[in-house]
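The values are calculated or read from the model by the stated rules, or taken from the named source; none is laboratory data. Fair warning: this is a prediction, and the values are worked out from it, not measured in the lab. Here the Cβ positions follow ideal geometry from the backbone for every residue, glycine too, while neighbour counts run over all protein chains shown.
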Amino acid sequence: MAKSKYNTIDLFAGCGGLMDGFMQEGAYNTLACVEWETFPCLTLAKRLKTRWKHKNAGEEVIRFDIQRTEELINGFDDVEYGKNPGLNKLIGTKKVDIVIGGPPCQAYSLAGRIRDPHGMKDDYRNYLFESYIRILEYFKPSFFIFENVVGMLSAAPDGTPIVDKIRKAFNEAGYLVIDNFKNAVFDVADFGIPQHRKRVIIFGVRKDSVFKNMNGEDGISSIINEFYGEIMPKLKKESKPRTVRDAISDLPVLMPTKDVIRTNGHKYSHAPIESEGVFNHNPRFHSERDQKVFKLLGEDLESGRKEYVSIEALKDLYTKVTGKKSNIHKYYVLRWDEQSNTIPAHLYKDGMRHIHPDPKQARSITVREAARLQTFADDFEFLGPTMAQYKMIGNAVPSDFAKVIAKGLHELLNKYM
């Protein structure tokens, strides 16, 4: 008989995109979230407390280094991370049904490998999946959802494809996964997210799990194949496309100011605004030079001239404006009636590739606009410095896509548990 609520642990939780989507679906209860960065933890704890009414959110969100797995499970008292009773005491006698999450993607991402002089071969994050698996081995959930970037399919830091290592490790831990990870790639735009973002979603099932009318590994493999071959395609078909216009056009307009505004230790090139119900919608500062470029590019699209659409034209413009050369184009204006390009963690450094489509506003997107494109609800408040907010949003799983995954998994649970 299917349970009314399935208990989850969220690893590498970030600010909670996966968690929030699972909670929105309604069939899941978060027991604990593990994350090592401060501001995502504060954001996640507030979300659990205010939206999901978790009275013990301060302990349920564990800020700690997951590589120290034994301490994470049994408790720690640490100079850097503080004190926590650990997962074991926190969870108690409750059954962990599902583990969700995905290690930081920088070590697998193509962009990260290009930027790093060693191609990320020496990056410890290549092997953080091992910590994820140690949690699986300890709590033995029936299922897991492991999310990561498409770059993991080609990553081979020590010469052996990382996907081969991951598949073998899951198998040795007692879990079956899809045979070909290339068939586990999804573009979230296909599921009603107003953004193109390709991700690998690995659905794992414990080999000794008992299901209705299903026996042995062949039966479990058929459930995995049903998830990818039937459930997700059905949910994709049911989804309605959403565009940048759908996502952000109703937010308050932020116009350039004649003079720089200085308030509360910040300076603004655009009128800051914090209206009721709209958190994190203050624009970052832009120089007059950048504002002119943003306006030029926006008007070029709006007028239909499209002189600055090609990569070469954009690179030439960058050189003309800055006197510098770049191997990649630095500018990109969001298109009102299309999906956004991927919202990356790199957005915290600059917003040149995420320029607002309204030329009159002549600016890059705000934290709230990035959050809207990642389908975070407007009552989801991001804490910490603005740059930390951009970074955590860019690292997150779109909340509504997480809800789709949760719904697909719930359909299988209802059918076989």
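Remarks
- Test: residue in the range 277-285 that is among the β-branched types (V, I, T), in contact (Cβ under 8 Å) with a residue 40 or more places away in the chain and buried (at least 18 other Cβ atoms within 10 Å of the Cβ): no
- Subset of the range 192-223 [among the aliphatic types (A, V, I, L, M) and in contact (Cβ under 8 Å) with a residue 24 or more places away in the chain]: I193, V200, I201, I202, V205, M214, I220, I223
- Of everything listed in (1) surrounded by fewer than 22 Cβ atoms within 10 Å (Cβ to Cβ); (2) within 28 Å of D378 (Cβ to Cβ); (3) free of Cβ contacts under 8 Å to residues at least 40 places away in the same chain, the single unmet condition for G82 is (2).
- Any hit, the range 323-344, residues being under 30 Å from K258 (Cβ atoms), surrounded by fewer than 18 Cβ atoms within 10 Å (Cβ to Cβ) and among the polar types (S, T, N, Q): no
- Looking across the range 375-417 at every residue that is over 22 Å from I98 (Cβ atoms) and among the polar types (S, T, N, Q), the one that is surrounded by the most Cβ atoms within 10 Å (Cβ to Cβ) is identified as Q389.
- Some residue of the range 239-249 being closer than 30 Å to Y318 by Cβ, touching a residue at least 60 places away in the same chain (Cβ under 8 Å), surrounded by fewer than 16 Cβ atoms within 10 Å (Cβ to Cβ) and of a type in the set (V, I, T): no
A quick yes/no check of all residues on (1) under 26 Å from L235 (Cα atoms); (2) surrounded by fewer than 23 Cβ atoms within 10 Å (Cβ to Cβ); (3) out of contact with any strand residue (DSSP E or B) (no Cβ under 8 Å at 6 or more places or on another chain):
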{"residue": "L11", "(1), (2), (3)": "yes, no, no"}
{"residue": "G16", "(1), (2), (3)": "yes, no, no"}
{"residue": "Q24", "(1), (2), (3)": "yes, yes, yes"}
{"residue": "T30", "(1), (2), (3)": "yes, no, no"}
{"residue": "W36", "(1), (2), (3)": "no, yes, no"}
{"residue": "T50", "(1), (2), (3)": "no, yes, yes"}
{"residue": "N56", "(1), (2), (3)": "no, yes, yes"}
{"residue": "D65", "(1), (2), (3)": "no, yes, yes"}
{"residue": "R68", "(1), (2), (3)": "no, yes, no"}
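- Residues satisfying the criterion are absent from the range 51-68 (criterion: assigned by TED's automatic domain parsing to the domain that holds F146, in a helix (DSSP H, G or I) and in contact (Cβ under 8 Å) with a residue 40 or more places away in the chain).
- Any chance F294 is within 30 Å of L412 (Cα to Cα), crowded, with 17+ Cβ neighbours inside 10 Å and in contact (Cβ under 8 Å) with a residue 40 or more places away in the chain: no
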